[in-house]
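Written below as structure tokens is the structure these notes are about.
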Amino acid sequence: MAVKTFGSERLTSTDINTYLTNSGLVYVTSVNVGTGVSSVTVPNAFSATYDAYKIIWTGGTISSLALIFCYMGSSTGTAYYGARSSGNVAGSFVGGGDNNTAYWQFMTAGNTNTAFMEFDLFNPYLATVTSVRSIYSEPNGASSAYGTYGGYVNNTTSYTSFTLDPQSTTTMTGGTITVYGYRKA
Amino acid sequence: MSKPVIQIGDEIREMTDEEYAAYQERLANDTLPALIPESSVEESAPETPEPTE
């Protein structure tokens, strides 16, 4: 659908609904994270409306310095692959990989003062491989590291939800997880 | 002993027995080392020295 150039002073409701409210990145759903939850599943996140999604969690913390895992659906699985590429504040490379694991382990990290996530999911609803690309953030003083993570889960499952689940017994508190869809033509 | 709570959408609830068993198994099989915290506390400003006679 081409972008429309408006030549009239009057905008119809149809044009407004089609062109002005349906922007490139479209809000889909959000979840307010509770207090001390072991994991958060975001339901009804994916549908046939979009093939690519951006997920952002901001305003929250986790109960200890830890990685924040992610898996598709509401339970862990198999055949998760991915690699983290990051540099620490000393200028050294810090890697990490998921080789046929039960979930993506190295997408990002957080601590008791700050935790956030920003990642894109590709084709989660389609019956094909789901891929991920994430910002890696590890706030850890002199050992802080920042970079990116890319991965996929090797199945053809159609997913409608995903779960964030900090490492070990770490819990999540607060903030909002928001799902946006990349609008298709 | 209460089980950990999970959140699905707006619902926050305690794990079921099955979920808790799977959670315990995952913890037992988790070989990924924990991140090692570094001190991130800023050094406090030096105290103003007492004036000398």
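Just so it is clear, none of the values below were taken in a lab; they were calculated from the coordinates. Because the structure is predicted, anything quoted here is derived from the model rather than measured. FYI the Cβ positions are ideal-geometry reconstructions off the backbone, even for glycines, and counts take in every protein chain you see.
Placing +1 at every Lys and Arg Cβ and -1 at every Asp and Glu Cβ, with all other atoms neutral, what dipole size does the protein assembly as shown have around its Cα centre, in debye to the nearest 20?
Rounded to the nearest 20 debye, it is 1240 debye.
Per 10 Å bin, what percent of the C-alpha pairs of the protein assembly as shown does each bin hold, from zero upward?
Reading the bins upward from 0: 7, 28, 31, 17, 9, 5, 2, 1, 0.
Please return the longest stretch of chain A lacking exposed loop sites, where trypsin sites (Lys or Arg not before Pro) count only if DSSP places them in a loop and at most 15 other Cβ atoms lie within 10 Å.
A:11-182
Straight-line reach from A:Lys4: which lysines have a Cα under 20 Å away, not including same-chain ones fewer than 8 places off?
A:Lys184
Report the label-to-label distance for B:Asp10 and A:Thr35 in nanometres (one decimal), using points 7 Å from each Cα along the Cα→Cβ vector.
Here the answer is 1.9 nm between the modelled labels.
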